[in-house]
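Have a look at the structure below, then the notes.
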Amino acid sequence: MKIVACNSNRPLAEAVAAALNLPLTRASVRRFADMEIFVEIHENVRGEDVFVVQSTSYPANDNLMELLITLDALRRASARRITAVIPYFGYARQDRKSGSRTPISAKLVANLITEAGANRVLTMDLHAGQIQGFFDIPVDNLYAAPLFARDVQERYAGRDLMIVSPDVGGVLRARALAKRLDVDLAIIDKRRERAGVSEVMNVIGDVEGRDCILVDDIVDSGGTLCNAAAALIKDGARSASVYTTHGVLSGGAVARISSSPIEMMTITDSILATEAVRLASNVRQTTIAPLLAEAMRRISDESSVSSLFD
């Protein structure tokens, strides 16, 4: 079993390798003067079970090309099996035709990863579960819910909790966490009465006096979650916190969250934290390295991955 780290999130790859008590495979992923990517593996990988750790986060296209070229290099080096470990799967939000003459980019990326040489994909909290069907190779989709459940129990012990889905589409995800914690569930119905009019947030459920925890898979601009937190406080919630797997946090998202009613936003390290995230007073990261490491060990040992979530 060998682990190759690309450049998108090297600290996570190092933490995974440490959890498995393995060194990272010596490899160089560098760029020529015109920014072409060049990959060279400095160890023999013939007949090995190789895991490539790379999130396709910002800059998404550069990181995706790094992954594809690394997969091709390993395939041509005769690795026995290559698993693409993609903690954050970019382009996942383009999982359907959103309008006329628009692409399904998630399917295109799945094809690219398969053609580049991946025999298997290990990812986490896909934006839409059906993306697993876009691949013609096995896909293991890990869930952050057990990790979040333990964290909530430690940080919010003794408080009157309520799990909240920030939109109708995320109800299944929120319900899974609410069931693990054995607490109530509320939903925020977000609607726009007409074009040019700001969205109205209607809270479905009695949140008065409760400590509310919003659950989502991706936070990008942060606008929806900030507005949802404000709506919960307006409806009498005692506090509003957030648990989300992938902290994309583009543009002024961190500043927006810092000035919002959100008590604390917890994200995972599936995406490397920016300086703004590290300095924010109400944003914290929790690591997924032990979970990834255990899943990788089970894949290598040919044992059950799904039992991780039983």
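Treat every Asp and Glu Cβ in the chain as -1 and every Lys and Arg Cβ as +1, leave all other atoms uncharged, and give the resulting dipole magnitude about the Cα centre to the nearest 20 debye.
On the way: 35 positive and 38 negative charges, 77 e Å.
Taking the Cα centre of the chain as origin, the dipole is about 380 debye.
Taking 0.36 nm per residue of sequence separation and removing the Cα-Cα distance, the H42/E14 pair yields an extension gain of 8.3 nm. Against the set (1) 32, 55, 13, 0; (2) 26, 59, 15, 0; (3) 33, 62, 6, the structure's computed P(r) over Cα pairs in 20 Å bins from 0, in percent falls on (1). Each label point was placed 7 Å from the Cα along the Cα-to-Cβ direction; for R238 and D160 their separation is 0.7 nm. Taken along the Cα-to-beta-carbon direction at a fixed 7 Å, the label points for D62 and D184 span 4.8 nm.
Taking every protein chain into account, the 1.4 Å probe leaves L22 with about 60 Å² of accessible area, to the nearest ten. With a simple spin-label model that places each label point 7 Å from the Cα along the Cα-to-Cβ direction, the separation between S221 and S300 comes to 4.3 nm.
Projecting the Cα atoms of L161, A144, S98 onto the charge dipole of the chain (Cβ charges, centred on the Cα centre) puts S98 farthest toward the positive pole. Considering Cα pairs under 8 angstrom that are at least six residues apart, work out the relative contact order of the chain and quote it in whole percent. Reported as a whole number, the value is 13 percent. Which of the three applies to region 122-220, rounded, prolate or oblate, going by the alpha-carbon gyration tensor with a ≥ b ≥ c and a/c under 1.5 meaning rounded? Oblate is the answer for region 122-220, as a/c is 1.5 or above yet b/c matches or exceeds a/b.
Calculated FRET efficiency, T274 and D151, Cβ-Cβ r, R0 22 Å, to nearest 0.05? Please list the in-between numbers first.
Details: r = 22 Å, r/R0 = 0.98.
Using R0 = 22 Å, I get an efficiency of 0.55.
Projecting the Cα positions of T245, I288, I131 onto the charge dipole of the chain (unit charges on Cβ atoms of Lys, Arg, Asp and Glu, taken about the Cα centre) puts I131 furthest along the positive direction.
For the chain, which whole percent of the accessible surface, found with a 1.4 angstrom probe, sits on carbon and sulfur atoms?
Working: 6940 of 14390 Å².
Summing carbon and sulfur atoms, their accessible area is 48 percent of the total for the chain.
Relative to the Cα centre, the charge distribution of region 158-252, modelled as +1 at Lys and Arg Cβ and -1 at Asp and Glu Cβ, gives a dipole magnitude of about 80 debye.
Could you tell me which of rounded, prolate or oblate describes region 160-271, using a ≥ b ≥ c as the square roots of the eigenvalues of the alpha-carbon gyration tensor, with rounded for a/c under 1.5 and, failing that, prolate when a/b is larger than b/c and oblate otherwise?
Since a/c stays below 1.5, the shape of region 160-271 is classed as rounded.
Name the shape class, rounded, prolate or oblate, that the alpha-carbon gyration tensor gives for region 40-176, where a ≥ b ≥ c are the square roots of its eigenvalues, rounded holds for a/c under 1.5, and otherwise prolate holds if a/b is larger than b/c and oblate otherwise. It comes out oblate by the Cα gyration axes.
When the surface is traced with a 1.4 Å probe over the full set of protein chains, E275 keeps roughly 100 Å² accessible.
When the chain is fully extended, how far beyond the present Cα-Cα distance does R75 get from R31, taking 0.36 nm per residue of separation? Working shown, then result.
Working: separation 44, 0.36 × 44 = 15.84 nm, distance 2.04 nm.
Gain on stretching R75 to R31: 13.8 nm.
Taking K97 as the anchor, which lysines have their alpha carbon closer than 23 Å to its alpha carbon, excluding any fewer than eight residues away along the same chain? Once the sequence-local lysines are set aside, what remains near K97 is K107, K190. Highest GNM mean-square fluctuation among A276, A157, A176, for the chain modelled with Cα contacts below 10 Å: A157. The distance linking region 238-294 with region 104-140 is 25 Å (Cα centroid to Cα centroid, whole angstrom).
The values are calculated or read from the model by the stated rules, or taken from the named source; none is laboratory data. Treat the numbers as computed from the prediction; the structure is a model and nothing was measured. Reconstructed Cβ throughout: ideal geometry from the backbone, glycine too, with neighbour counts over all protein chains shown. With ligands, DNA and RNA removed, areas are computed over all heavy atoms of the protein, side chains included. Shrake-Rupley method; radii C 1.70, N 1.55, O 1.52, S 1.80 Å.
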